[in-house]
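Have a look at the structure below before the remarks.
Just so you know, all these numbers are worked out from the coordinates, no wet-lab data involved. Not measured: the values here are computed from a predicted model. With ideal geometry, Cβ positions are generated from the backbone for all residues, glycine too; neighbour counts draw on all protein chains shown.
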Amino acid sequence: MAPNSSRRLRSPTTEAPFARYALMTAAFLFLALFLLLPLAAVFIEAFRKGPGEFFASMNDPDTLAAIRLTLLVAVIAVPLNLVFGMAAAWAIAKFEFKGKAFLTTLIDLPFSVSPVISGLVYVLLFGAGSVLGPWLKSHGIEVLFAVPGIVLATVFVTFPFVARELIPLMQEQGTGDEEAALSLGASGWQTFWYVTLPNIKWGLLYGVLLCNARAMGEFGAVSVVSGHIRGLTNTMPLHVEILYNEYNFVAAFAVASLLAALALVTLVVKTVLELHYGAEIAAGRKH
Amino acid sequence: MDVRVSNIRKEFDRYPALNDVSLDIRSGELIALLGPSGSGKTTLLRLIAGLEQPTLGKIFFGNEDASHRTVQERHVGFVFQHYALFRHMTVADNIAFGLTVRPRGERPPKTEIRRRVSDLLDMVQLSGLEKRYPNQLSGGQRQRVALARAMAIEPKVLLLDEPFGALDAKVRKELRRWLREFHDRTGHTTVFVTHDQEEALELADRVVVMSQGQIEQVGSSDDVYDRPNSPFVFSFIGDSASLPVTVADNAVRFQDEPIGIAPKANDIQSGSGTLFFRPQDVTLVTDPATPALEGRVATSRRLAGTRIADLDISRQGESHHVEIEIPLDAQAATGTIIRFKPTRWKLFAE
């Protein structure tokens, strides 16, 4: 055979160079146009009038209140969903019981339902026309148009993240390690703490990260229950909308850039976790 | 410690996995639970450990009823089929686990735990590997770490589920011998599950042959091999041939022709049954007047010091094949007629 014949020998799954470059260009152009450009625009708008104006708009009391409220909501909602999600995943992955398929479907409900409806559910439950709302109000507890309503809506919307991350992982790991720990005399709590939790820690962290990003960024459901009271019930996404509607672009984009930065940090940590967590899963499969 | 299993029934979704199983395990004994998959052998092991609860029946440890004790309270060493080593812990931490999870009052001091771990590693011949993680070990090493971990809690009873199932043939043989020595040295009451009869016969003091959720026979290797008490045990353990026969006029008959053997005193004296014999327990019959089984060689193969002939003994249309051992110098070309009769055999009534 002539040595130049190797040029024609290509891996059967590889396209011609022309097709490859055309596809890659198309993909990158699309990403640039629809993802990178808007993201860059947010930061450019935020700094349009210089960093001074950027930090001045950040220092606005209403903006600071919105940031505080967002952090507060995340600090309550994420741990709650960490516990609920882990409990649900534990139940589904390690036990057989009636209604398991139903529970699995139910966990996905917040993903399949429009966030507006998630919000409206709480208006119906705790509004002036409901049974619960006036009763709670008479006891001095405001749910709607107050922090509890925002937390409830956020918990509802972000519930699936941790559970969905853990269920397949825990199902794959089975109950062998737990049985081993129990047979060695460990209590249920020790088994969970020393065996189950270390086995799922990376998956759990990953789920918490996604849950947190959504808890801070949720707009629809929170918008319905918040009442948009400036300085009191406005989270960051809601505050961005108000500023924008007032043509206060620099301030709107300044707050938006904070949210975008959070998204970028989440993305980076997620990628790092995936590298690590992928290796853990592979190690788990080896024995 | 004696372990007594008494009239155990275990159902999964109303399907019985074990049905009225009773078994006495003597202190210090090495017992094999042997059976095909689905025979309930692993379920029985898990019931003894307390990893499953019986539907009916009781389990005694010594004289105490352990049926309602939790797996932690039973204090057994359990070695899982796939070892279930804790992958995020080092070998030393894995072995120490059973000691470190003890309540503060009963927990040995750290130095004592370290000493015990190093003794156990010595015992399973893995010294120097304490800092390794399970995924850095070979299958045989993991197996021994799992054993050391189970031994660390000084169990009264050692239970092993398919201990050599996931290992290659050579390591399997070595570990088998090693486990026997280990048992003789430590003297634990040991129960292991296997589907490999060679393993069970070679290793165990007594073999428990199980089938379809019931115990078929309990006995030494010689008992279950030489004196099988049921057609299942005869065909499951070792090679065997079986023939549908009838008994009449003090002769065992195959398709109405006498085959040269008479029923023993406690066999059926008339009616139909199944005759079992092993390939090596036959003798060739040369005198054409003597009644015997007669067959045509279908194939034959050389096997170490003997030759195995596959004989077609069909008469009257029904197809029957048996394999027998014949002397190396016997004629065994395909089509040769061979006449033989079993020297040791067992007749099971229909």
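Quick look at the values:
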quantity: Net charge dipole size for segment B:239-349 [Lys, Arg +1 and Asp, Glu -1 on Cβ; Debye, nearest 20]; calculated: 220
quantity: Dipole of segment A:52-286, positive end: most advanced residue of A:THR271, A:THR196, A:PHE95 [Cβ charges, Cα centre]; calculated: A:PHE95
quantity: Built amide H within the under 5 Å cut-off of B:MET210, gap 5+; calculated: B:LEU34, B:GLY35, B:GLU216
quantity: Whole-Hz couplings from phi, Karplus 6.51/-1.76/1.60, listed for segment A:240-255; x for Gly and Pro; calculated: 4, 4, 4, 4, 5, 5, 8, 6, 8, 5, 4, 5, 4, 6, 4, 5
quantity: Partner lysines for B:LYS264 [C-alpha distance under 26 Å; skip if fewer than 8 residues away on the same chain]; calculated: B:LYS341, B:LYS346
quantity: Interchain or long-range residues, amide H under 5 Å from B:VAL245's placed H; calculated: B:GLY273, B:THR274, B:LEU275
quantity: Average other protein chain Cβ within 10 Å of Cβ, residues B:97-104; calculated: 5
quantity: Shape call, segment A:52-286: gyration tensor on alpha carbons, a/c limit 1.5; calculated: oblate
quantity: Segments A:55-64, B:25-34, B:117-126, A:177-186 sorted - mean Cβ within 10 Å per residue, highest first; calculated: A:177-186, B:25-34, B:117-126, A:55-64
quantity: Relative contact order for chain B, counting Cα pairs under 8 Å that sit 6 or more residues apart, in percent; calculated: 16
quantity: Note, ³J(HN,Hα) from phi for segment A:14-25, Karplus 6.51, -1.76, 1.60, rounded to Hz, x at Gly and Pro; calculated: 9, 7, 5, x, 4, 4, 4, 5, 4, 5, 5, 4
quantity: ³J(HN,Hα), Karplus 6.51/-1.76/1.60, whole Hz, each residue of segment B:66-83, x for Gly, Pro; calculated: 9, 4, 9, 8, 6, 4, 5, 6, 6, 6, 10, x, 10, 10, 7, 4, 9, 6
quantity: Three-way shape call for segment A:1-105 based on the alpha-carbon gyration tensor, with the a/c threshold at 1.5; calculated: oblate
quantity: Rounded if a/c under 1.5, otherwise prolate or oblate - chain B, Cα gyration tensor axes; calculated: prolate
quantity: Ranked by how many other beta carbons lie within 10 Å on average, peptides A:131-138, B:275-282 from highest; calculated: B:275-282, A:131-138
quantity: Assigned charges on the beta-carbon of Lys, Arg, Asp, Glu; chain A dipole about Cα centre (debye); calculated: 720
quantity: 10 Å Cβ neighbours from other chains, averaged over peptide B:144-152; calculated: 1
quantity: Straight-distance crosslink candidates among aspartates and glutamates, where the alpha carbon sits under 20 Å from A:LYS270 and sequence neighbours closer than 8 are dropped; calculated: A:GLU165, A:GLU218, A:GLU280
quantity: For segment B:3-235, share of DSSP beta bridges that run antiparallel, in % to the nearest 5; calculated: 50
quantity: Under 24 Å from B:LYS58, Cα to Cα: lysines that are on another chain or at least 8 residues apart; calculated: B:LYS10, B:LYS41, B:LYS156
